[in-house]
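For reference, the structure discussed in these notes is given below.
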Amino acid sequence: MTEIIDGNAVAEGIREELTSCVESLASDDERPTLATVLMSPDPASETYVSMKQNDCEEIGIETRDVEIDLDAPASDLFETIDDLNADDDVNAILVQSPVPDHIDYREVLERIDPLKDVDAFHPENVGRLVAGYPRYKPCTPHGIQQLLAATDVETEGKDAVIVGRSRIVGKPMANLFIQKAPGGNATTTVCHSRTDDLASKTREADIVVGAAGVPELIDGSMLTEGTVVIDVGINRVDADNEKGYELVGDVDFESAKEKASAITPVPGGVGPMTRAMLLYNTVKATSLQTDIDVELP
Ligand code: NAD
């Protein structure tokens, strides 16, 4: 019987534990605060930012909402980041991507104080992860690690195959899987757009993580019986419904389910975990900045 991994339920449990951490920090007058900065040409970004703010408010994290005109000069964004870096009442900063073309996103990432960098994209935080002493873990791969732990999937000694090598999912996922730490110790293969014969790699896997952004790239014929399948993909495909589209993952759920021992659905798998891990990092950032210990989930 294939287990359908319920990301909503696991995320809810984590949010409950984080609520206690937030209350404990607040009782010391250190309620966590996340600042979001929106300067994005993608219309969906506004929705993402408001979802993140609602998530925070639901568990007692305060939010600051900064919006910058799309045609404002880069200096406006950098000055905003500098002000938030210097503001002791702000523990965490998130600049929603993408930013307009006239702004160098790398410069944006490097400008954020690494201690407030709850996306964990600053080179210092990336470097710490690669070196094996992460401060913050990027939200999506961290969420997957927590999801596997909650599902009692052992990673140690297992063959993990990640499909995708992006900065935000594939690469940090690989770094987490190879850590000599709980949730790591997996023998890890990273596949990408130039990989020859993808199916021969995924068929060798105990755990497959699909993060290519290609609708239903991985189907049951590419899996071996008993594989744990984690689907990161969120892809819009045309559909004959009111909205005119539906969301599908990178995995062909129906055929993969026939082979998998456990599988995440889309939606309701990795997505809610990514959102919960932003809250986790915001709580952790506050704890690190205030030297108040909290018991993180
Ligand atoms: P990306 O476009 O930055 O990277 C995709 C990666 O997949 C690249 O490294 C590329 O080499 C690889 N790839 C592309 N086609 C491939 C193929 N045919 N075979 C093997 N590898 C291939 O994407 P991303 O930002 O990592 O996102 C990947 C997917 O995950 C997208 O659908 C995105 O919407 C989704 N996503 C979901 C969450 C979540 O919380 N659920 C978070 C981030 C991204």
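Nothing in this text is a laboratory measurement; each read-out follows from the coordinates by a stated rule. Here the structure is a predicted model, which is why all the values come from computation and not from measurement. A quick note on method: Cβ atoms are made from the backbone with ideal geometry, for glycine too, and the neighbour counts reach across all protein chains shown.
Here is how the numbers come out for the structure above:
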item: Neighbourhood net charge (13 Å Cβ-Cβ; Lys/Arg +1, Asp/Glu -1) for Glu156; result: -2
item: Proximal lysines to Lys243, defined as alpha-carbon separation beneath 27 angstrom and excluding residues fewer than eight positions away on the same chain; result: Lys52, Lys257
item: Region 157-297: C-alpha gyration tensor shape, a/c 1.5 cut-off, then a/b vs b/c; result: oblate
item: Table column - 3J(HN,Hα) (Hz), region 35-41, Karplus curve with 6.51, -1.76, 1.60, x for Gly and Pro; result: 9, 10, 10, 10, 8, 10, x
item: The chain: antiparallel DSSP beta bridges as a percent of all, rounded to 5; result: 10
item: Angle between the chain longest axis and helix 270-290 axis [Cα atoms, degrees, rounded to 10]; result: 40
item: Expected 222 nm ellipticity per residue - DSSP helices of 4 or more, -39500 (n - 2.57), all of the chain, to 500; result: -12500 deg cm²/dmol
item: Quotient of C-alpha Rg and 2.2 N^0.38 Å, computed over region 107-238; result: 1.07
item: Relative packing of peptides 199-209, 41-51 - highest average C-beta neighbours within 10 Å first; result: 199-209, 41-51
item: Extended-chain gain in nm, criterion 0.36 nm per residue less alpha-carbon gap, His192 and Lys243; result: 15.2 nm
item: Zone of Ser45's modelled label, taken as backbone nitrogen in region 263-279 under 16 Å from a point 7 Å along Cα→Cβ; result: none
item: Distance between modelled label sites at Tyr105 and Asn8, nm, 7 Å Cα→Cβ extension; result: 3.0
item: Extension reserve of the Glu225-Ser255 stretch, reckoned as 0.36 nm per residue once the Cα distance is removed; result: 9.6 nm
item: Degrees, to the nearest 10: 139-150 long Cα axis against longest axis of the chain; result: 60
item: Environment charge of Ser287, counting only residues whose C-beta is closer than 11 Å and scoring Lys/Arg +1, Asp/Glu -1; result: -4
item: Between region 15-46 and region 190-256, the Cα center-to-center distance that results, in Å; result: 32
item: Mean Cβ neighbour count within 10 Å, used as a protection proxy, ranking 233-244, 274-285, 55-66 highest first; result: 274-285, 55-66, 233-244
item: Semi-axis lengths (Å, descending) of the ellipsoid that matches the C-alpha gyration tensor of the chain; result: 32, 22, 19
item: Sequence ranges 103-110, 191-198, ranked by mean other-Cβ count within 10 angstrom, highest first; result: 103-110, 191-198
item: Region 123-197: C-alpha gyration tensor shape, a/c 1.5 cut-off, then a/b vs b/c; result: oblate
item: Spin-label proximity, Ala181 to region 2-44 - amide N less than 20 Å from point 7 Å beyond Cα toward beta carbon; result: 14-15, 18
item: Simple label model, 7 Å out from Cα along Cβ direction - Ala26 to Glu295, nm; result: 2.0
item: Region 1-159: translational diffusion in µm²/s, Stokes-Einstein, Kirkwood Rh over Cα pairs, 25 °C, 0.890 mPa s; result: 141
